[in-house]
1. If you check Glu28 against the conditions, is it under 26 Å from Asp102 (Cβ atoms), in contact with a strand residue (DSSP E or B) (Cβ under 9 Å, 6 or more places away or on another chain), assigned by TED's automatic domain parsing to the domain that holds Pro183 and among the acidic types (Asp, Glu)?
2. Could you list, in sequence order, all residues of segment 250-287 that are hydrophobic (A, V, I, L, M, F, W, C) and touching a residue at least 40 places away in the same chain (Cβ under 8 Å)?
3. With the structure loaded, tell me whether Glu68 is surrounded by fewer than 12 Cβ atoms within 10 Å (Cβ to Cβ), of a type outside the set (A, V, I, L, M) and either within 23 Å of the chain's Cα centre (by Cα) or more than 21 Å from Ser173 (Cβ to Cβ) (or both) or whether it fails that test.
4. Any idea how many residues of segment 117-138 are touching a Gly at 6+ places or on another chain (Cβ under 9 Å) and not in a strand (DSSP E or B)?
5. Could you identify the single residue in His215, His188 that is on the phi > 0 side of the Ramachandran plot, under 14 Å from the mean Cα position of the chain (by Cα) and not basic (Lys, Arg)?
6. Every residue in segment 141-173 that is of a type in the set (A, V, I, L, M) and either surrounded by fewer than 22 Cβ atoms within 10 Å (Cβ to Cβ) or within 18 Å of Gly217 (Cβ to Cβ) (or both), please.
7. Within segment 311-319, does at least one residue satisfy the condition of being free of Cβ contacts under 8 Å to residues at least 24 places away in the same chain, under 28 Å from Pro226 (Cβ atoms) and of a type outside the set (A, V, I, L, M)?
Amino acid sequence: MALLSYNGKDLLEKFLPEILASQYPEFEVVVIDNGSTDGSTAFVKTHYPDLKIVRHSVNIGFTPGYTEALKLMEATYFVLLSDDVTVSPGWLAPVIELMDNDPSIAAVQPKILSYHHRENFEYAGAAGAFIDRYGYPLCRGRIFNTLEKDLGQYDDTAEVFWASGAAIFLRSSAYHDVGGFDPDFYAHFEEIDLCWRLKNAGYKVMVCPQSVVFHIGGTVIQYGSPDKLFLNIRNSLATLAKNLDTGKLYPYLTIRTALDWVALARFLISLDFGSVGAIIRAHFSFFLNFGAWVRKRRSNKRSIPNNQLSGIYPGSVVWSYFIKGRKKFSELAFHKTS
């Protein structure tokens, strides 16, 4: 189990005891310290001297923080947890049992509820996640900023398109088979890109609601901040560029770019200049480095020749949400594409 932390001493102090109390025959916790300056490493060494620590000298980002550390780890399953996630009793066993019983399952997420409002799903993954054809993410229990209450409506174990990086179980052999996380993402969308490649390689991605965790969210890069918006937009464009099949790539990128500029206009009208700047920076960064993303795409296509669209919402979630007023996942006309 890999626990990534950046200046999260208070979170480690609060959540590590519950994580270490997890009931399962064999598991090991490794704390990945991403260049913290708040005494996190000293705290772990003092209070949990038997825990392994992988320390990066500086904050190299969420995605590189994991990619570098996972190179040093050996296990059948990697369980990745953000430091602002706490767990419920018995959360490990249902997921491990699910993965043990089906070797084609490469990634699984638990049900993710809000730490502060435990009757609600949490933004990052909720009860299993998807994307629409233009790369916008949506979840069972969360569309854009609308969070549903957990009434048991999504308690079925189901195949999804991506599993949240806040709490994700990965079959290590499958992770390495597709090349792992892309460290150039830095943070956000890295798990969507990884899960898409896993699906293209023939693996399944699942949600297991019998396992429940609670996520604070936004502790390093705040929800709604320009930095978060920049990373989400740039990396979602990169995910499309790397993984869409050739016939859809340029038409979908064109429409997606137009939708982003509609959002920019709305931010401009509301005088939210931070978000305006974030969208401009995201597009500039993506298109400036478009050749590099295309080269990664070609490498992906050589190593993972299939193109798996199952789990992609066939319409536009922007249109469904903002124009048709469909705020819940259950209200979407969702069906599998082939």
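The values are calculated or read from the model by the stated rules, or taken from the named source; none is laboratory data. In this text, all values refer to a predicted model and were calculated from it rather than measured experimentally. For neighbour counting, all protein chains shown are included, and Cβ atoms are generated from backbone atoms with ideal geometry for every residue, glycine included.
1. yes
2. Filtering segment 250-287 for residues hydrophobic (A, V, I, L, M, F, W, C) gives 253, 255, 258-259, 261-265, 267-269, 271, 273, 276, 278-280, 282, 284, 286-287.
The answer is Ile255, Leu259, Ala278, Ile279, Ala282, Phe286.
3. No: the conditions fail for Glu68.
4. Going through segment 117-138 one residue at a time, the tally reaches 8.
5. Working: His215 fails: on the phi > 0 side of the Ramachandran plot.
Going through His215, His188 in turn, just one is on the phi > 0 side of the Ramachandran plot, under 14 Å from the mean Cα position of the chain (by Cα) and not basic (Lys, Arg): His188.
6. If we filter segment 141-173 for residues that are of a type in the set (A, V, I, L, M), which is where we start, we get 143, 147, 151, 158, 160, 163, 166-168, 170.
Result: Ile143, Leu147, Leu151, Ala158, Ala163, Ala166, Ala167, Ile168.
7. So in segment 311-319, the residues free of Cβ contacts under 8 Å to residues at least 24 places away in the same chain come out as 319.
Add one more test, that the residue is under 28 Å from Pro226 (Cβ atoms), and what stays is 319.
Those left that are additionally of a type outside the set (A, V, I, L, M): 319.
Yes, segment 311-319 contains a residue that is free of Cβ contacts under 8 Å to residues at least 24 places away in the same chain, under 28 Å from Pro226 (Cβ atoms) and of a type outside the set (A, V, I, L, M).
To keep it simple, each residue is scored yes or no on (1) in contact with a His (Cβ under 7 Å, 6 or more places away or on another chain); (2) within 27 Å of Ser330 (Cβ to Cβ); (3) assigned by TED's automatic domain parsing to the domain that holds Thr146.
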| residue | (1), (2), (3) |
| --- | --- |
| Gly65 | yes, no, yes |
| Leu70 | no, no, yes |
| Leu80 | no, no, yes |
| Thr86 | no, no, yes |
| Trp91 | no, yes, yes |
| Ala107 | no, yes, yes |
| Ala126 | no, yes, yes |
